[in-house]
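The values are calculated or read from the model by the stated rules, or taken from the named source; none is laboratory data. Just so we're clear, the structure is a prediction, and the values are computed from it rather than from any experiment. In this analysis, Cβ positions are derived from the backbone assuming ideal geometry, glycine residues included, and neighbour counts consider all displayed protein chains.
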Amino acid sequence: MGAAATTIDVTVEQAPWEPAAEAAVREAIATAADVLRALPAASGEVSVVLTDDVRIRALNRDWRKLDKPTNVLSFPALARPASGGAPAGLIGDIVIAYETTAREAAADGKPFAHHLAHLAVHGFLHLLGYDHETDTEAEEMERLETRILARLDVPDPYCTQTPGT
């Protein structure tokens, strides 16, 4: 029996997101879901909102008590199946801010599309319960991100080597 599908809904809430951003986010999350297909929690519906720094700052302030913009926020659904049964529906919501994503990509010398894919995968892993509060958790999450991104031909985002060296 095959794994249930992951449905990915993307809403572009604010300009200046390029039309290719929606497809990049869908591909990144679909690839992550495929890599993690053995996990029942990876099947269901994910909602992604591509927004701006103003909106994500308000969300960050209201939900995390941090009054500043951030690159990605994840809001896991509350009820997920405890066993390998049918998915409960919604996996959760991911919100990504354009300006912060663009600023970070430029500062790191990375293509915007690569950083966007990384943030989509990172947000999806948070929805599935992965975190980076401890070194052990961070290493596991980074290992998964790197593995998923490699399937998308995105270089290891944690590699400290500068481009061209």
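Looking at segment 21-79, which of the residues that are under 23 Å from Glu104 (Cα atoms) and among the basic types (Lys, Arg) is surrounded by the most Cβ atoms within 10 Å (Cβ to Cβ)?
The residue in question is Arg57.
With respect to the numbered conditions (1) at pLDDT 95 or above; (2) on the phi > 0 side of the Ramachandran plot, which one is the sole condition not fulfilled by Gly44?
Only one criterion is unmet by Gly44, namely (1).
For residues in segment 115-147 being aliphatic (A, V, I, L, M) and over 11 Å from the mean Cα position of the chain (by Cα), which is nearest to Phe75 (Cα to Cα)?
Among them, the one singled out is Met141.
I'm trying to understand the selection: among the residues of segment 10-56, which are in contact (Cβ under 8 Å) with a residue 40 or more places away in the chain and assigned to a strand (DSSP E or B)?
The answer is Val10, Gly44, Glu45, Val46, Ser47, Val48, Val49, Leu50, Thr51.
Counting only residues that are touching a Ser or Thr at 6+ places or on another chain (Cβ under 7 Å) and surrounded by 15 or more Cβ atoms within 10 Å (Cβ to Cβ), which one in segment 132-155 is nearest to Leu39 (Cα to Cα)?
So, considering only residues that are touching a Ser or Thr at 6+ places or on another chain (Cβ under 7 Å) and surrounded by 15 or more Cβ atoms within 10 Å (Cβ to Cβ), the one nearest to Leu39 (Cα to Cα) is Ile148.
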